1. Return yes or no: is Tyr137 in contact with a Pro (Cβ under 7 Å, 6 or more places away or on another chain), within 23 Å of Val257 (Cα to Cα) and either touching a residue at least 60 places away in the same chain (Cβ under 8 Å) or more than 13 Å from ligand 1 (Cβ to nearest atom) (or both)?
2. Given the criterion of a type outside the set (Val, Ile, Thr), at pLDDT 95 or above and touching a Ser or Thr at 6+ places or on another chain (Cβ under 9 Å), identify the matching residue among Asp102, Asp90, Asp57.
3. For residues in segment 154-174 being over 16 Å from Lys95 (Cβ atoms) and part of a strand (DSSP E or B), which is farthest from ligand 2 (Cβ to nearest atom)?
4. Kindly provide the set of residues from segment 189-223 that are crowded, with 16+ Cβ neighbours inside 10 Å, more than 16 Å from ligand 2 (Cβ to nearest atom) and under 22 Å from Asp275 (Cβ atoms), ordered by number.
5. Need pairs with beta-carbon distance below 9 Å; first residue without any contact (Cβ under 8 Å) to a residue 60 or more places away in the chain and within segment 95-112, second open to solvent by less than 50 Å² (accessible area, probe 1.4 Å) and basic (Lys, Arg); sequence gap 6+ or separate chains.
6. Select the strands (runs of 3 or more DSSP E) contained entirely in segment 1-50, then report the ones holding at least 3 residues which are aromatic (Phe, Trp, Tyr) and surrounded by fewer than 17 Cβ atoms within 10 Å (Cβ to Cβ).
7. Determine whether Tyr111 is more than 15 Å from ligand 1 (Cβ to nearest atom) and either within 27 Å of Gly265 (Cα to Cα) or of a type in the set (Phe, Trp, Tyr) (or both).
8. I'd like the residue in segment 58-79 that is without any contact (Cβ under 8 Å) to a residue 60 or more places away in the chain and of a type outside the set (A, V, I, L, M) and, out of all such residues, is least open to solvent (accessible area, probe 1.4 Å).
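The values are calculated or read from the model by the stated rules, or taken from the named source; none is laboratory data. This one's a predicted model, so the numbers in the text were calculated from it and none came from an experiment. When we count neighbours, we look across all protein chains shown, and the Cβ atoms used for this are built from the backbone with ideal geometry, even at glycine. Ligands, DNA and RNA are excluded from the accessible area calculation, which covers all protein heavy atoms including side chains. Shrake-Rupley method; radii C 1.70, N 1.55, O 1.52, S 1.80 Å.
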Amino acid sequence: MKILILGNGQLGQMLGKAVIQQGHECVLYSDRQDQVMALGSQQPLSMTLAEANEWADVTTWEHEHLGEELVAKAADKFLLQPERFNLLVDRRSQKALCDELDIPTSAWKAYENAAELSAILNGCDHAVVIKSAKGGYDGKGQWRWRPGDDIAAVAEDAGQRPGIVEDMIDFTDEVSVVGARSHKGEQRCFPLTLNVHTQGILSYSLAGAEHFSKKLETLAKEHHQKLTNALDYVGVLAIEFFVVGEGDNQHLLVNEVAPRVHNSGHWTMSGANCDQFNLHIRAITGLPLPDLLIAPTLMVNVIGVAGIPEALWEAAAADCHWYGKEARHGRKVGHVNIMIDSFERGENLASSWAEKLQLLVG
Ligand code: ATP
Ligand code: MG
């Protein structure tokens, strides 16, 4: 089959590898440069977006911030209705959908402008996170506010665009479920992944060591299934959750939904028989989804540094991925998967490697 991938960053390139493994063809569209590119190259092809979409049997995406205009141009080859796609990329409709489906999420209120945001904060007696409705990633487009903090200043800044005000959650862990749904409605989810963020950016993920209770694993799969069934979604979709409560009251609150392959699923490239990229391409091309076999794995993001140290390229237990991007503080430029035997060992390794592999902002 012929596949057009919208976006040509690292997720697009890794999807492309899976396209090749499964014997298909692909081209990638750089939405930043408005140019169609070959896989593994920044050399533009003499093909317009319209021609690439015409050429493709199916069009998929590496990120969801495509904009309604681009979605309208390519949606005839999407496996998701464009209205549903647009609904998922706006935090307001995404949260409303969770509420509608009875999937727990942190309490929230929408605002259109600075005046509405001020009014919400004026009546608020607890800490909140304010988030732009569209376009945020890696903690960008977010503000923290606590009673006593200046309202005018945050409202002026955050109120320039519509957004949501969300209760600040006192979570014990952040986790995600990455899973696929096929056109027949089959579902395959990787086990819950523990995600540790620094300055709003994913620092490392740990998975596959049966760290979480059966109850949480089941809840995550149920939420994933409910959401993807309601959308008639085909392909990989990730849900980020906060773990809250203790003992029998422990449960998951949705933080956000990413309708695509996800950074917290990169460990599957070393820790699963079929990684998230292969799972996505299988789903969108109609191949069966395999049962997933899992090995405990740590994924450490490489952020803002000029390269991965040789010691890691040399280490037999490490699988290094370098994206070929120019290093800038806070920018994800690679990741390293490391085989582990326990979460404790993974956490120790993560803290020591994160220091060497990550240059954040400020
Ligand atoms: P991504 O890069 O994953 O798309 P993002 O920038 O879109 O992230 P979120 O995932 O919503 O934004 O938030 C980034 C991080 O900020 C979360 O992983 C979490 O650590 C923290 N955070 C967000 N919302 C809340 C909240 N309501 N309560 C507490 N912490 C929060
Ligand atoms: Mg997030």
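1. Working: in contact with a Pro (Cβ under 7 Å, 6 or more places away or on another chain): no; within 23 Å of Val257 (Cα to Cα): yes; either touching a residue at least 60 places away in the same chain (Cβ under 8 Å) or more than 13 Å from ligand 1 (Cβ to nearest atom) (or both): yes.
In short, no.
2. Working: Asp102 fails: touching a Ser or Thr at 6+ places or on another chain (Cβ under 9 Å); Asp90 fails: touching a Ser or Thr at 6+ places or on another chain (Cβ under 9 Å).
Matching residue, one of Asp102, Asp90, Asp57: Asp57.
3. Top of the filtered list is Asp173.
4. If the condition is that a residue be crowded, with 16+ Cβ neighbours inside 10 Å, more than 16 Å from ligand 2 (Cβ to nearest atom) and under 22 Å from Asp275 (Cβ atoms), then Cys189, Phe190, Pro191, Leu206, Ala207, Gly208, Ala209, His211, Phe212, Glu217, Lys221 are the ones that fit.
5. Trp108/Arg91; Trp108/Lys95; Trp108/Lys131; Ala110/Arg91; Ala110/Lys95
6. Values: elements: 2-6, 25-30, 35-37.
Filter on segment 1-50 gives an empty set.
7. So Tyr111 passes the test.
8. If we filter segment 58-79 for residues that are without any contact (Cβ under 8 Å) to a residue 60 or more places away in the chain, which is where we start, we get 59, 67-69, 71-73, 75-76, 78.
Now restrict to residues that are of a type outside the set (A, V, I, L, M): 59, 67-69, 73, 76, 78.
Numbers: Thr59: 2, Gly67: 40, Glu68: 110, Glu69: 140, Lys73: 123, Asp76: 111, Phe78: 19 Å².
Selected residue: Thr59.
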